1. Would you list, by chain and number, the lysines whose Cα falls below 23 Å from the Cα of K28, excluding same-chain residues fewer than 8 positions away?
2. Give me the 1.4 Å probe accessible area per residue for the chain, excluding ligands and nucleic acids, in Å².
3. Counting pairs of alpha carbon atoms under 8 Å apart in space and at least six apart in sequence, what relative contact order in percent does the chain give?
4. Could you give the length gained on full extension between W264 and E158, defined as 0.36 nm per residue of separation minus the Cα-Cα distance, in nm?
5. Report the calculated FRET efficiency for E256 and N78 (r = Cβ-Cβ distance, R0 = 30 Å), to the nearest 0.05.
6. Once you put a point 7 Å from the Cα of R272 and another 7 Å from the Cα of V371, both along the Cβ direction, what distance in nm separates them?
7. Quick one: length gained pulling L101 to A478 fully straight, 0.36 nm per residue minus the C-alpha distance?
8. According to a simple spin-label model (label point 7 Å from Cα along Cα-to-Cβ), what is the distance in nm between R185 and S485?
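The values are calculated or read from the model by the stated rules, or taken from the named source; none is laboratory data. This structure is a prediction, so every number in the text was calculated from the model and none was measured. Every residue, glycine among them, receives a Cβ derived from its backbone with ideal geometry; neighbour counts consider all protein chains shown. Quick note on the areas: whole protein, heavy atoms, side chains included, nothing else; ligands and nucleic acids left out. Shrake-Rupley method; radii C 1.70, N 1.55, O 1.52, S 1.80 Å.
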Amino acid sequence: MLEFAGGRARLKVVLLLGSVLGLDSADKAALSAIADSLKDQFHLNNTEIGLLVAVTSLAGALCTLPVGTLVDRVSRKNVLLGAIALWTVAIVVSGFASSFLMLLLTRLFLGAVTAAAAPAVASLIGDFFPARARARVYGTVLSGELVGIGVGFFLSGEISTFAGWRWSLYLLGLPSVAIGVLIWRFLPEPARGGQGYIHRGQDELRSQTQSGAQDETPEEHRATATAGGDDDASARTHRRIREAGFRPRHEIVIHENPAAWSLWRTLRYLVRIPTYRLLVAASALGYFFFAGIRAFGMIFITSQYGLSRGLASPLVLILGVGAIVGVISGGRLSNWLLERGWLHSRVVVPGVALLLAALLTAPAIWTSSAVLGFALLTLGTAALAAANPPLDAARLDIIHARLWGRAESGRMALRGVLEGLAPILFGWVSGLFGDGGHGLQWTFSIMLIPVLAASSLAIPARRSYATDVATADASARAIREAEASE
């Protein structure tokens, strides 16, 4: 395990950050697992179940932009600790809901406090790990989301069968307390800009005060690092981009430290980066489909394949294993190709993976065979998950380090809106075809169109990716020179 992660220090960070992402996904998966119980308790239909899932994502979309600004300016560790504490209170309170309205309000609050997770995690990954390693690391960290989904589905499904749906929510508060304690105890705040890089085989984590000058840029660190490995490979990649003739977009090269920029100015800058626009849209569309599947997956599986909920809950873990394999493989494949000169691997691999996800999932929706259906769904889920690590790493490549939190917030805002709309639209469309398994068949099939659209956005990003990486490098150099002259 230590060898796989790249050392004790890397393993600690990956496990802690993956656990943070797992909390939110476990909660959303738990709601899907107990959807039938909630329908019986509060006399709900599919659209109302979709609304319960949607408000969490929509609240997160609304709050993630200001939180991203906070992440770029204050301790990210403290932001995570505060969010986890509030999340624990909210999830336990949701178990006491006595009406649909009360449950809806607690879900709204949950979405607001979980908005801090993705921007903080993205910024920390950027400062803990060198550029070359980020896709692989992101793949492992994102597996925490998938483990959370599996735990949420399995534990909540099983607990609700013998103790009721309320206990499914109460017990989710226990791991959140443990994760909060571990982050407080073992996760330091790294210095911003790259000098907190964790090298392969490193045992100890460095805090911001232990890492040297805070204003050191990733380029400076790569130039002075002697550990080799990841840092040397990253430098080679940037050199290849320059040698291939890619030049920065001079009109958007930054010449001042953007940490103090307003949110509005930051967003206006980010949307001027072509690759950022394409990758954010592609990622959000992929999560749109995934959110709908997550919300109605248990209902679909039990009706389509004729399985009981008690049997379906452990079988869903198979899908989780496939997703974990996919998310790790996607990051590692894009890195492997990058090391061999495929400069655009971080945008081409996701595009191909999204296309495969649609092609593999389509027949799984219509077969009535549980064996064939789960096999195809597992492969499709693996392909869908494989797209995310290289997409996330590519976004860090094209953005200056002082904008990572807000750049991730921009993506999460769009993702949150689409994730919020997905359960509502899935529920509404399924109602048009009949509020049961047949309706979900047609709904899932129609909603594969956004996955195909995501693929068609990611692949063309290869035309702008290298230029935007060069622009981010040029911005870092320009800021360093401006600060040195002061």
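1. K39
2. Solvent-accessible surface per residue comes out at 37 Å².
3. Over the chain, the number comes to 27 percent.
4. 33.6 nm
5. Once the sixth-power term is evaluated, E becomes 0.70.
6. 6.0 nm
7. 130.4 nm
8. 5.1 nm
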